[in-house]
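Structure record follows, encoded as structure tokens.
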Amino acid sequence: MRALVQRCLSAKVVIDGKIHGEIGPGMVIFFGVTHSDMPADADYVAEKCVTLRIYEDDQGKMNRSLLDIGGAALVISQFTLYGDTSAGRRPSFTEAARPETAIPLYERFLEQLRVRGLQVETGIFGADMKVHLINDGPATFLVESKGH
């Protein structure tokens, strides 16, 4: 399981010309699932994302987490995180989980964020989405489950 985390000042996702989800300060999480992922992977990645100390404290050091700052999360399903570009010019997506595997894990990940008290906004799984964000820093991190 992979989560590409971007610290943001604000973000929104637009689907069919309408805002579907919008947040203020927090993080945008692009979330991808592979075939071997299990519910424990979703739990691990959710915990890691919300406790990752990527926000500055009063001394300017990255010492605060999303929970510490009371931030929100915009989560976007992103099968392309498992795109393999090692051969040829067209990415291969054979490592991306099919929807019947990915959707329940995506939903579990969302629930794990929500039970920790976060405001969580989303896109729509599999939809054509336009993501707008003001990246803070920029600061971008890759979080992977232990199995990967």
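Evaluation of S86 against the conditions (1) in contact with a His (Cβ under 7 Å, 6 or more places away or on another chain); (2) part of a loop (DSSP other than H, G, I, E, B) shows that the sole unmet condition is (1). Among the residues of the stretch 103-121, is any charged (D, E, K, R), assigned to a strand (DSSP E or B) and surrounded by 13 or more Cβ atoms within 10 Å (Cβ to Cβ)? Yes.
Residues in the stretch 1-38 that are hydrophobic (A, V, I, L, M, F, W, C) and under 16 Å from M129 (Cβ atoms): L4, C8, A11, V13, V14, I15, I19, I23, V28, I29, F30, F31. Cβ-Cβ distances below 9 Å connect the following pairs, each with a first residue in the stretch 110-138 that is closer than 14 Å to C49 by Cα and touching a residue at least 24 places away in the same chain (Cβ under 8 Å), a second residue that is surrounded by 15 or more Cβ atoms within 10 Å (Cβ to Cβ) and polar (S, T, N, Q), and a separation of six or more residues or different chains: L110/T122.
This table checks each residue for (1) in contact with a Lys or Arg (Cβ under 6 Å, 6 or more places away or on another chain); (2) of a type in the set (D, E); (3) farther than 18 Å from I124 by Cβ; (4) in contact (Cβ under 8 Å) with a residue 40 or more places away in the chain.
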position: V5; (1), (2), (3), (4): no, no, yes, yes
position: S10; (1), (2), (3), (4): no, no, yes, yes
position: G24; (1), (2), (3), (4): no, no, yes, yes
position: T34; (1), (2), (3), (4): no, no, yes, yes
position: D41; (1), (2), (3), (4): no, yes, yes, yes
position: L52; (1), (2), (3), (4): no, no, yes, yes
position: A87; (1), (2), (3), (4): no, no, yes, no
position: S92; (1), (2), (3), (4): no, no, yes, no
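V75 fulfils the conditions (1) crowded, with 20+ Cβ neighbours inside 10 Å; (2) in a helix (DSSP H, G or I); (3) β-branched (V, I, T) except for a single criterion, (2). Please work out which residue is nearest to G137 (Cα to Cα), limiting yourself to the stretch 47-72 and to residues that are among the aliphatic types (A, V, I, L, M) and in a loop (DSSP other than H, G, I, E, B). Per the criteria, the residue is I54. Scanning the stretch 81-97 for residues that are in contact with a Phe, Trp or Tyr (Cβ under 7 Å, 6 or more places away or on another chain) and either loosely packed, with under 14 Cβ neighbours inside 10 Å or not charged (D, E, K, R) (or both) gives L81, Y82, G83, F93, A96. Taking the numbered list (1) touching a strand residue (DSSP E or B) at 6+ places or on another chain (Cβ under 7 Å); (2) buried (at least 21 other Cβ atoms within 10 Å of the Cβ); (3) of a type in the set (A, V, I, L, M) in turn, A46 passes all entries but (1).
Reported count of residues in the stretch 63-103, each being under 15 Å from P25 (Cα atoms) and either out of contact with any Ser or Thr (no Cβ under 6 Å at 6 or more places or on another chain) or not aliphatic (A, V, I, L, M) (or both), is 11.
Since every read-out is calculated from the coordinates, none of them should be taken as a lab result. This is a predicted model, so every value here is computed, not measured. Here Cβ is always computed from backbone atoms with ideal geometry, including for glycine, and neighbour counts include all displayed protein chains.
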